[in-house]
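A.B. asks: The structure is given below, and queries will be raised subsequently.
The values are calculated or read from the model by the stated rules, or taken from the named source; none is laboratory data. Predicted model only: the values in this text are computed from it and were never measured. FYI the Cβ positions are ideal-geometry reconstructions off the backbone, even for glycines, and counts take in every protein chain you see.
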Amino acid sequence: MLGHQVFCTNCNHQRNALHAQSKWLVCTACQHLFSPDDKNVKIKISTFRAAQCELLKLGDEYTSEKGTYILTGKIVKQELIDTSAIWTEYCFTNENNENLFLSEYNGHWNQIEEAETFDFLQEKPSNSFINPNKKNVDIENGNYYLYHHYQLKIDYVEGEFNFNPFEDNGNIAFEYVKRGHLRIVEEKRGNKGILSFCYKGEYLFPNEVLAGLTRKIDMPDKIGYVGNQPFYWNWDIPFFRLMSLFTIIAMLGIAFAFYIEKKQIAKLDRIFIRGDESKNDSLGLYKKSPLVVSTPFELTYDYGLLSVEFTCDDLQNDWAGAEIALVNTKTDETRYCVIEAEYYSGTDSDGAWREGSHRNTGVIEHIPKGTYQLEIQAIAQANSNPKTIVLDIYAARGSLNLCWTFVGMLIILNIILWLVEDYFIWLKGGENSINWDSENSS
Ligand SMILES: [Zn+2]
């Protein structure tokens, strides 16, 4: 019966129980743990660590996959050896389910369910299981690593319980972890090798805890790196991955739209380089064609792009190029571009080889719309055979460099996240994985 009346066996203070199954309660008047069924249970509760568990209040509701629970008890535990290590356990109860515990330590959370019977315990009931030197165990076909073992002493208790919270006081707990999941096995104090409880649980992100709580609280800051508690990655990487995919598809759509809008505005196919005009400057010894001037044409895209496809089929173990000036016929504003192609071939001990290409492409970007003409001078290696250059001139709406850069960055970022995600999930599995791995083989 929920809300039934109980009387403190120490001071006779009357109160309402929060939960029908509560057998052990802490009196709010005299701070003693008492049991209505057992008049001998009277434990004075220290209040030293009371502030530690003010985060959640008795009566708070928490919803997990199994249902909605009510917070009926709080326990603060201290590590006996490292006394700075304080665990706060919130005991939630539900009419139909086993207890559920939320445990907070330095802002790190885990959710632990009531003891289960594990196959591995039935198989290995001997005291060989509880052994700090045994670094990993197989549980339900998964390999769990020993994250930590500690002896916990109860410092503060508040509320009511359907178990005696002091039953496991001073027990040695072994925390085994595997990729965010954990098992806690407790060895009964003073009875080496005798198992007290086995708990099953998982690490939770603070936002996962918040999502389950009806009353929203200010989460404590997470303190410490992997040395204190398993550290884990709190980004929603799958969502980022999905958004990246949509962005890349959108980018490819834009690229395709730009591609089909690209239009040919000129073809200059009679640019001849003969052997008559040789020069020597920074390029070395070379020869030039006469200056070729195109007929004027309109560029209709503002800050658009002009691409020049250069073809020279006469290349034979030499190079050719074109110096291109795009001149605005009204303002004489001039933009330049140089394209070069080289092609070499031959035969060596590995057979025939080819290097280079007869084609190349040059681009002039960010061109204001207007009337333009091209002034072209083709160049080729001195003393080479006569050549014919063909130039195909295309106009497009704009450059896709930024688009490809962005797509490339998204892909690289996703690859990095894919790599570190695994790493951080692995870290979530425990602090000493590196050492354990080396000891597994023994
Ligand atoms: Zn009392």
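A.B. asks: Taking the stretch 29-51 only, how many residues are more than 16 Å from the ligand (Cβ to nearest atom) and in contact with a Ser or Thr (Cβ under 7 Å, 6 or more places away or on another chain)?
C.D. replies: 0
A.B. asks: Out of the residues in the stretch 333-370 that are outside any strand (DSSP E or B) and either small (Gly, Ala, Ser) or surrounded by fewer than 13 Cβ atoms within 10 Å (Cβ to Cβ) (or both), state the one that is modelled with the highest pLDDT.
C.D. replies: Step one: filter the stretch 333-370 for residues outside any strand (DSSP E or B), giving 333, 349-350, 357-358, 368-369.
From what is left, the residues that are either small (Gly, Ala, Ser) or surrounded by fewer than 13 Cβ atoms within 10 Å (Cβ to Cβ) (or both) are 349-350, 357.
Working: Ser349: 88, Asp350: 86, Ser357: 92.
The extreme case among them is Ser357.
A.B. asks: Before we move on, is Thr295 outside any strand (DSSP E or B) and of a type outside the set (D, E, K, R)?
C.D. replies: On the way: outside any strand (DSSP E or B): yes; of a type outside the set (D, E, K, R): yes.
Yes; evaluated as a whole, the condition is true for this residue.
Residues are listed down the side, and each one gets a yes or a no for (1) of a type outside the set (A, V, I, L, M, F, W, C); (2) modelled with pLDDT of 85 or more; (3) touching a strand residue (DSSP E or B) at 6+ places or on another chain (Cβ under 7 Å); (4) surrounded by 14 or more Cβ atoms within 10 Å (Cβ to Cβ):
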site	(1), (2), (3), (4)
Thr72	yes, yes, yes, yes
Asn99	yes, yes, yes, yes
Leu102	no, yes, yes, yes
Ala115	no, no, yes, yes
Asp119	yes, no, no, no
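A.B. asks: Evaluate the stretch 385-397: report whether one residue or more is surrounded by fewer than 16 Cβ atoms within 10 Å (Cβ to Cβ), outside the structural domain of Tyr203 (by TED's automatic domain parsing) and more than 30 Å from Glu261 (Cα to Cα).
C.D. replies: Taking every residue of the stretch 385-397 in turn, at least one turns out to be surrounded by fewer than 16 Cβ atoms within 10 Å (Cβ to Cβ), outside the structural domain of Tyr203 (by TED's automatic domain parsing) and more than 30 Å from Glu261 (Cα to Cα).
A.B. asks: Related question: Evaluate the stretch 52-64: report whether one residue or more is under 20 Å from Asp168 (Cα atoms) and either within 16 Å of the ligand (Cβ to nearest atom) or not assigned by TED's automatic domain parsing to the domain that holds Leu204 (or both).
C.D. replies: no
A.B. asks: Which pairs do you get when a residue that is free of Cβ contacts under 8 Å to residues at least 24 places away in the same chain, found in the stretch 24-45, comes within reach of a residue that is small (Gly, Ala, Ser) and more than 10 Å from the ligand (Cβ to nearest atom), reach meaning Cβ atoms under 9 angstrom, with the pair 6+ apart or on two chains?
C.D. replies: Correct list of pairs: Gln31/Ser46.
A.B. asks: With the checklist (1) in contact (Cβ under 8 Å) with a residue 60 or more places away in the chain; (2) polar (S, T, N, Q); (3) not assigned by TED's automatic domain parsing to the domain that holds Leu100 in hand, flag the one item Gln78 doesn't pass.
C.D. replies: Condition (3) is where Gln78 drops out.
A.B. asks: Given (1) near the ligand (Cβ under 10 Å from one of its atoms); (2) more than 25 Å from Ile112 (Cα to Cα), where does Val26 come up short, assuming only one miss?
C.D. replies: (2)
A.B. asks: Looking only at residues in the stretch 312-332 that are among the β-branched types (Val, Ile, Thr) and surrounded by fewer than 18 Cβ atoms within 10 Å (Cβ to Cβ), which one is nearest to Thr371 (Cα to Cα)? Break it down into steps so the answer makes sense when it comes.
C.D. replies: To start, the set of residues in the stretch 312-332 that are among the β-branched types (Val, Ile, Thr) comprises 324, 327, 329, 331.
Checking the rest, the ones that are also surrounded by fewer than 18 Cβ atoms within 10 Å (Cβ to Cβ) come to 329, 331.
Numbers: Thr329: 6, Thr331: 10 Å.
Per the criteria, the residue is Thr329.
A.B. asks: Within the stretch 1-23, take every residue that is among the polar types (S, T, N, Q), surrounded by 12 or more Cβ atoms within 10 Å (Cβ to Cβ) and more than 49 Å from the chain's Cα centre (by Cα) and give me the one that is nearest to the ligand (Cβ to nearest atom).
C.D. replies: We begin by selecting, within the stretch 1-23, every residue among the polar types (S, T, N, Q); these are 5, 9-10, 12, 14, 16, 21-22.
Filter once more, so that each one left must be surrounded by 12 or more Cβ atoms within 10 Å (Cβ to Cβ): 9-10, 21-22.
Okay, now just the ones that are also more than 49 Å from the chain's Cα centre (by Cα), so 9-10.
On the way: Thr9: 8, Asn10: 4 Å.
Among residues in the stretch 1-23 that are among the polar types (S, T, N, Q), surrounded by 12 or more Cβ atoms within 10 Å (Cβ to Cβ) and more than 49 Å from the chain's Cα centre (by Cα), the one nearest to the ligand (Cβ to nearest atom) is Asn10.
A.B. asks: So if I check each of Ala320, Ala325, Ala352, which one is in contact with a Ser or Thr (Cβ under 6 Å, 6 or more places away or on another chain) and assigned by TED's automatic domain parsing to the domain that holds Ile376? I'd like the intermediate steps shown before the answer.
C.D. replies: Numbers: Ala320 fails: in contact with a Ser or Thr (Cβ under 6 Å, 6 or more places away or on another chain); Ala352 fails: in contact with a Ser or Thr (Cβ under 6 Å, 6 or more places away or on another chain).
From the options Ala320, Ala325, Ala352, the qualifying one is Ala325.
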